1. Somewhere in region 1-11, is a residue hydroxyl-bearing (Ser, Thr, Tyr), farther than 16 Å from GLU105 by Cβ, touching a strand residue (DSSP E or B) at 6+ places or on another chain (Cβ under 6 Å) and not in a loop (DSSP other than H, G, I, E, B)?
2. Being surrounded by fewer than 16 Cβ atoms within 10 Å (Cβ to Cβ) and closer than 17 Å to ALA24 by Cα is the filter here; which residues of region 62-98 pass it?
3. Please work out which one of (1) of a type outside the set (Val, Ile, Thr); (2) open to solvent by 60 Å² or more (accessible area, probe 1.4 Å); (3) at pLDDT 95 or above; (4) touching a His at 6+ places or on another chain (Cβ under 8 Å) is the condition GLU14 fails and give its number.
4. How about region 20-36: which of its residues are without any contact (Cβ under 8 Å) to a residue 24 or more places away in the chain and either outside any strand (DSSP E or B) or among the small types (Gly, Ala, Ser) (or both)?
5. Quick check, is LEU101 open to solvent by 50 Å² or more (accessible area, probe 1.4 Å), in contact (Cβ under 8 Å) with a residue 60 or more places away in the chain and closer than 27 Å to SER5 by Cβ?
6. Quickly run through region 19-47 and pick out the residues that are within 20 Å of GLY74 (Cα to Cα) and open to solvent by 80 Å² or more (accessible area, probe 1.4 Å).
7. When the residues of region 104-116 are filtered to those that are assigned to a loop (DSSP other than H, G, I, E, B) and open to solvent by 40 Å² or more (accessible area, probe 1.4 Å), which remaining residue is modelled with the lowest pLDDT?
8. Which ones in region 77-92 are under 16 Å from VAL32 (Cα atoms) and either aromatic (Phe, Trp, Tyr) or without any contact (Cβ under 8 Å) to a residue 40 or more places away in the chain (or both)?
Amino acid sequence: MTRTSAMFLCHLEELPEYGTRGFAIGQQEIFVIRQATQIWAYMNRCPHTGVTLNWVPDQFLDWEGRYVQCATHGALFRFEDGLCLAGPCPGTHLEPVPLSLIGGEIYLTNPGKIRS
């Protein structure tokens with residue numbers, strides 16, 4: 001991975017151990033999910049209507065912390081693949097964002113594909 005092909009987002013320890021955090025990348029928004037040492041990232045956009053998923057900054061999970069939840073209509077998405085399990089768009093997926101975890105640092109890989 002070269003410097004031009006990756007963008008530093010944050011240190012793993014800056015994410016809640018079982019939580020989420022949003023990031024602005026140019027005009028686009030993404031969010032990162034952390035479950036202990038596993039991380040995933042997605043575009044902050046519901047596949048049903050295109051609205052942002054969170055209702056307050058960095059809050060992307062349902063009340064139980066088991067799924068990503070769209071604040072607009074309650075759709076629920078799995079962490080590991082972004083698959084919608086419930087709501088108005090079952091079977092669709094959140095748009096994944098490639099990440100790398102290197103030495104406790106989280107990098108967005110290929111950030112040029114996200115910037116608008």
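The values are calculated or read from the model by the stated rules, or taken from the named source; none is laboratory data. Because the structure is a prediction, the values reported are computed rather than measured. Every residue, glycine as well, gets a Cβ built from its backbone with ideal geometry; the counts of neighbours run over all protein chains shown. Just the protein is used for accessible areas: all its heavy atoms, side chains included, with ligands, DNA and RNA removed. Shrake-Rupley method; radii C 1.70, N 1.55, O 1.52, S 1.80 Å.
1. Here is the first cut: in region 1-11, the ones hydroxyl-bearing (Ser, Thr, Tyr) are 2, 4-5.
Narrowing further to those that are farther than 16 Å from GLU105 by Cβ: 4.
Among the residues that remain, those that are also touching a strand residue (DSSP E or B) at 6+ places or on another chain (Cβ under 6 Å) are: none.
Scanning region 1-11 turns up no residue that is hydroxyl-bearing (Ser, Thr, Tyr), farther than 16 Å from GLU105 by Cβ, touching a strand residue (DSSP E or B) at 6+ places or on another chain (Cβ under 6 Å) and not in a loop (DSSP other than H, G, I, E, B).
2. GLU95, PRO96, PRO98
3. (4)
4. ALA24, ALA36
5. Details: open to solvent by 50 Å² or more (accessible area, probe 1.4 Å): yes; in contact (Cβ under 8 Å) with a residue 60 or more places away in the chain: yes; closer than 27 Å to SER5 by Cβ: yes.
Yes.
6. GLU29, ARG45
7. The first filter runs over region 104-116 and keeps only residues assigned to a loop (DSSP other than H, G, I, E, B), leaving 104, 110, 114-116.
When the remaining residues are screened for being open to solvent by 40 Å² or more (accessible area, probe 1.4 Å), the result is 110, 115-116.
Values: ASN110: 81, ARG115: 56, SER116: 51.
Result: SER116.
8. The first filter runs over region 77-92 and keeps only residues under 16 Å from VAL32 (Cα atoms), leaving 77-83.
Across region 77-92, the qualifying residues are PHE77, ARG78, PHE79, ASP81, LEU83.
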